[in-house]
1. Restricting the search to segment A:149-167, which residues are of a type in the set (Val, Ile, Thr) and either within 14 Å of chain B (Cβ to nearest Cβ) or free of Cβ contacts under 8 Å to residues at least 12 places away in the same chain (or both)?
2. So which of A:THR428, A:THR381 is β-branched (Val, Ile, Thr), more than 18 Å from A:GLY44 (Cα to Cα), crowded, with 23+ Cβ neighbours inside 10 Å and out of contact with any His (no Cβ under 9 Å at 6 or more places or on another chain)?
3. Provide a single number: the residues in segment A:458-481 that are under 19 Å from A:PHE441 (Cβ atoms) and among the hydroxyl-bearing types (Ser, Thr, Tyr).
4. From (1) part of a helix (DSSP H, G or I); (2) surrounded by 15 or more Cβ atoms within 10 Å (Cβ to Cβ), pick out the condition that doesn't hold for B:HIS87.
5. Regarding segment A:223-239, can at least one residue be identified that is of a type in the set (Ser, Thr, Tyr), surrounded by fewer than 17 Cβ atoms within 10 Å (Cβ to Cβ), in a helix (DSSP H, G or I) and free of Cβ contacts under 8 Å to residues at least 60 places away in the same chain?
6. Could you list all residues from segment A:89-148 that are within 11 Å of chain B (Cβ to nearest Cβ), touching a residue at least 12 places away in the same chain (Cβ under 8 Å) and assigned to a helix (DSSP H, G or I)?
7. So, in segment B:149-180, of the ones that are among the aliphatic types (A, V, I, L, M), assigned to a loop (DSSP other than H, G, I, E, B) and crowded, with 19+ Cβ neighbours inside 10 Å, which residue ends up farthest from the chain's Cα centre (by Cα)?
8. For segment A:431-454, give me the residue count where each residue is surrounded by 21 or more Cβ atoms within 10 Å (Cβ to Cβ), more than 14 Å from every other protein chain (Cβ to nearest Cβ) and touching a residue at least 60 places away in the same chain (Cβ under 8 Å).
Amino acid sequence: MATAAAHHHDEHPAGITRWLFTTNHKDIGTLYLSLALVMFFVGGAMALVIRAELFQPGLQITEPHFYNQMVTLHALVMIFGVVMPALVGFANWQLPLMLGAPDMALPRLNNWSFWILPFAFTLLLSTVFMQGQGGAPAAGWTLYAPLSIQGGIGTDFTILSIHMMGISSVLSAINVIATILNMRAPGVTLMKMPLFAWTWLITAFLLIGAMPVLAGAVTMLLTDRHFGTHFFDAAGGGDPVLFQHVFWFFGHPEVYILILPAFGIISQVIPTFSRKPLFGYNSMVYATVSIALLSHVVWAHHMFTVGMPIAGELFFMYATMLIAVPTGVKIFNWIATMWRGALTFETPMLFAIAFVILFTIGGLSGLMLAIAPADFQYQDTYFVVAHFHYVIVTGSVIAIFAGVYFWLPKWTGHMYNEWLGKWHFWLTMIGTNLTFFPMHFLGLAGMQRRVPDYALQFTDFNQWATVGAFIFGFSQLLFLYLIVQTVRGGERATAQVWEGADGLEWTLPSPPPYHSFATPPEIK
Amino acid sequence: MCVVRKLGRRVLSRLVSAVALAAPSLAVADYALNFQRPVTSIAQRILELHNLIFVICMAIFVIVFAFMLYSIVVHRKSRGHKPATFHDNVKLEMVWTVIPFLILVGMAIPSTATLIEMSDVSKAEMTVKITGYQWKWRYDYLDHDIGYFSNLSTPREQIEGKAPKGEHYLLEVDNPIVLPVGKKVRFLMTANDVIHSWWVPQLGIKTDAIPGFINEAWTNINEPGVYRGVCAELCGQDHAFMPIVVNAVTPEEFDQWVVAQKKIALADATSANKTWTREELMIKGKQVFQTCAACHGVNGEGVGQFPKLAGSKIATGPIAAHLSIVLRGKPGTVMQAFGPQLNDVDIAAVITYERNSFGNKTGDMIQPAQVKAAR
C-alpha cells in the first residue's frame with residue numbers, strides 16, 4: 001500500500017490487540033467514528049420500522065408496544081450512540097492535530113472511555129430480545145416516570161447502560177479539557193485556537209455538568225422501581241414532575257452538547273472553502289459561552305404544559321427566547337465569512353451551507369416553540385418532532401458529514417470520490433427534507449407524537465415522510481461505500497488537501513504520522 | 001402597544017385571507033397546513049400569535065439567506081472572485097446582536113399577555129374533573145354529580161385493517177364530554193396511573209394530567225359543535241387510542257343532557273340489584289372485555305408481554321381470586337384496579353365472560369350483588 005511508507009516508524013501491535021489496547025488518539029478516534037457509523041445504521045433501521053408503520057393509518061407491521069420500544073431505542077441510539085461518539089471521535093482525531101500536541105492528555109483514560117461504549121450498547125440493544133419480559137424500554141428516551149416505572153427488565157438494562165454511557169462521556173470530557181488546557185503547542189493561546197477546539201472545550205464542561213444529573217435521575221428511577229423509594233410517586237410523597245425537572249436539567253444542556261461541536265466543525269469548513277478567515281472569531285467564542293450558560297436555565301421550556309406557575313412559565317419563555325441572540329450571531333458570522341470570499345462547493349462545503357440553512361429552520365421553529373402560549377399547541381406534536389430533527393439531523397448529523405468529508409483525506413491520505421460525495425449530499429437533502437418538513441404541518445394540524453397509528457387526515461404527509469425516510473436511509477449506504485473506498489485507496493491527498501485550508505493539522509502529511517507532533521510545531 | 005397589536009392583526013388577517021384565497025388554486029385543499037379552526041377566544045389568540053411569530057421568522061429567514069444566496073451566486077471562485085480579507089466589524093456585530101434582541105422583546109409582549117389570560121381560571125361557572133387512565137378518560141361533573149368513562153369507539157377490526165376505516169377513525173368515543181357553549185368551564189386535570197395530556201386543538205387547551213396532582217385549565221366555547229382531540233403525552237402502548245371528543249351544545253341542551261344522565265345512572269343502580277342470567281352476563285361481558293382486549297387479546301391470547309387468559313390459572317381457578325385481581329389490580333404492573341372504574345354489573349359480566357370463553361369452561365358465573373359484597 002502506498003501509505004505504508006509513511007507508517008514505517010510507527011510501532012503498535014497488529015490485528016485486534018492494536019484496537020483493544022490502543023492509547024493512540026487517532027486509533028481511538030477511528031474507533032469512536034466506526035462505532036457511530038455502525039450505530040447510525042442500527043438507529044436508522046429502527047427509524048425505518050417507525051416510518052414503515054406510519055406509512056398508512058392502522059396497525060400493519062408492529063404492535064403498539066413494540067412501536068414504542070423502537071421510538072425509545074431510536075432516540076437513545078442516535079443521541080448516545082451516533083452523534084455523541086462521532087463528535088468525540090472528531091475531538092480525538094482533531095484536537096491534538098489542531099493544537100500541535102503529540103496525543104490526548106490522558107491516553108489510557110481515553111482507551112477506557114471508548115471501550116465502555118460497546119458494552120453499554122450491547123446491554124441496551126439486548127433488551128430487544130427480551131420481548132417475553134417486557135422488551136426494550138418503551139417510555140420514550142425521556143423515560144418519564146411513572147410510565148418508566150411500569151416497564152419491564154429492559155428499563156433496568158437501560159438505566160445501567162445510561163450509567164455506562166455517562167461515565168464514558170464524562171471521562172472523555174475530562175480528557176478534552178485536560179488536553180486543551182495543557183497540551184497546546186507554545187504560541188497557541190486560547191484565543192488563537194481553532195473554533196472547533198473552543199466549542200469542544202465548552203461542550204466538555206457541559207458534559208461534566210449534565211451527565212451526572214442524568215445519572216442521578218435514572219438512579220432515582222431505579223430505586224423507585226426496586227428499592228421502595230417514592231421520588232416520583234405522589235402516593236409516597238413524591239412528584240412525577242420532579243423527574244422531568246431533573247431530566248431536562250440534563251436534557252437541555254445535552255442539546256447543546258450535540259450541536260456545539262457541530263458549530264465548531266462548520267466554523268472550520270466555511271472559511272476553508274470561502275478562502276477567507278472566519279468572521280468575528282471573538283464573538284463566536286463569546287456566543288458559544290453564552291449559549292452554554294443560557295442552556296442551564298431554560299430546561300422547563302420542555303415542560304410548559306405540566307402546570308407551572310405563571311412566573312415560571314414567563315421566566316423560561318424569556319430565557320429560551322434569549323438563546324436566539326447568540327445563535328443568530330453565529331449564523332450571521334458564517335454568512336459574513338462567505339461574503340466576498342472566493343467560494344467553491346466541494347462536498348464538505350455543500351454540507352456546511354446546508355447546515356447553516358437547515359439548522360436555521362430548526363432554530364426558528366425552536367424560537368416558535370419558546371413562545372409559551374403557542375407551545376401549548378405545539379407541545380408533544382409532530383411540530384416538535386420536525387423541530388428537533390431539523391436541529392439534530394440536518395444540524396449535527398450533516399455537520400458530521402461535512403467534517404468527515406473535510407478531514408477524511410487528511411486521516412486516510414486519500415481523496416474521496418467527489419462525484420459520489422455530491423450524490424450523497426443531494427440524496428440526503430431530498431431525503432431529510434421530504435421526511436422532516438411535512439412533519440411541521442402534521443403537528444400544526446393536530447397529530448401528536450409517539451403514536452403508531454393516526455387519524456385519516458394525516459395520511460398524505462405521513463406517506464411523504466416515509467418515502468423521504470427510505471430515500472435518506474438507503475442513500476447512507478452510499479456514504480458507507482464511499483468511506484470504505486477512500487480508506488482502501490484513491491488519489492493521494494497532499495498535506496494541504498484543500499486550497500484554502502489553514503491550521504496546524506494541514507502542516508502534517510496526509511495521513512499524519514502515528515504520533516502527531518513529537519516536537520512542538522513552530523507558531524508564527 | 002394596543003395600536004401596534006391591532007395593526008399587526010389587520011396585516012395578518014389580510015395575509016391569511018390572501019393565502020386562503022390562493023390555496024384552492026394551489027390544489028392543497030386536502031393538506032392541512034396550519035392549526036384547526038379555533039372555537040374559543042384563547043385558541044384564536046394563540047393562532048394569531050402563532051401566525052405573527054411565523055411571519056416574523058419567515059421574514060428573518062428570507063432576508064438573512066438572501067445575503068447568503070447572493071454570496072453563493074456572485075462570490076464564486078469559478079467566476080474569478082478574489083477573496084476579501086476582512087474578519088471583524090464591531091459595529092456590524094453590535095447591530096446584529098441588538099436588532100434580534102429588539103425583535104424578541106416585540107414577540108415577548110403579546111406572548112406574555114396571552115399567557116396571563118390563559119392562566120386565569122377565576123370566575124368559572126362550572127367545573128369538570130378530567131382523569132386520565134390507561135387508556136381512556138373519565139369526566140366528573142362536580143356541580144352536577146355525574147361521572148363516566150369515555151373510551152375509544154373505533155372498532156378493533158378497523159385498526160387491524162380488517163374493516164374499512166370510518167370518517168372519524170381514532171377520533172371517536174362512546175361517551176363524549178358534553179359542555180355548554182358561552183359558559184366559562186374550569187377543568188381539573190389529574191390521572192390515575194401515568195401522565196397523560198388532555199389536548200383539544202380547537203379549544204386551545206393542552207394540559208398534562210398527572211397522577212397525584214391537579215392541574216387547572218379553562219375554556220369558554222363560542223359555538224356548538226363536535227371538537228376532537230387526543231392524549232398528547234406518551235402513556236403506554238395504547239397512547240394513540242384514547243381520543244377526546246367534546247360535544248359543545250347550547251345551555252338548554254346541556255341541562256336536558258344532565259337530566260338524561262341522571263336517569264341512566266338510576267337505571268344502572270337498579271339493574272345491579274337484579275339477578276342476571278348467564279346469557280345476559282355473557283353478552284354484556286363481551287362488550288366490557290373490549291377494555292381488557294388491549295392487553296389480553298381479543299381472544300384472550302395475550303398481547304406481547306401481557307398474559308393470556310385462555311387456560312390461565314386465574315381465569316380457570318377459584319372465582320374469588322379472579323374477582324380480587326379485577327377489583328384490585330396487580331400492583332407494579334399495567335394491570336390496574338378496575339374496581340373504581342367499572343360498575344358491579346360490568347365486573348360480574350366480564351368475569352363470567354372470561355371464565356367461559358376462549359376455551360375456558362368453568363361453567364360458573366358471578367352476580368353483581370356478589371361483586372358489590374366483595375368490594
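The values are calculated or read from the model by the stated rules, or taken from the named source; none is laboratory data. In this text the structure is predicted, and so the values were computed from the model without any measurement. Please note: Cβ atoms are built from the backbone with ideal geometry, for glycine as well, and neighbour counts cover all protein chains shown.
1. Kept after step one, since they are of a type in the set (Val, Ile, Thr), are these residues of segment A:149-167: A:149, A:153, A:155, A:158-159, A:162, A:167.
Within segment A:149-167, A:ILE149, A:ILE153, A:THR155 meet the criteria.
2. Within the list A:THR428, A:THR381, the selection yields A:THR381.
3. Here the count works out to 2.
4. (1)
5. Yes, segment A:223-239 contains at least one residue that is of a type in the set (Ser, Thr, Tyr), surrounded by fewer than 17 Cβ atoms within 10 Å (Cβ to Cβ), in a helix (DSSP H, G or I) and free of Cβ contacts under 8 Å to residues at least 60 places away in the same chain.
6. Answer for segment A:89-148, where residues must be within 11 Å of chain B (Cβ to nearest Cβ), touching a residue at least 12 places away in the same chain (Cβ under 8 Å) and assigned to a helix (DSSP H, G or I): A:GLN131, A:GLN133, A:SER148.
7. Restricting attention to segment B:149-180, the residues satisfying the condition of being among the aliphatic types (A, V, I, L, M) are B:152, B:159, B:163, B:170-171, B:173, B:177-179.
This time we only want the ones that are assigned to a loop (DSSP other than H, G, I, E, B), so: B:163, B:170-171.
Keeping just the survivors that are crowded, with 19+ Cβ neighbours inside 10 Å gives B:170-171.
Working: B:LEU170: 11, B:LEU171: 9 Å.
Taking the candidates together, the pick is B:LEU170.
8. The number of residues fulfilling the criteria is 2.
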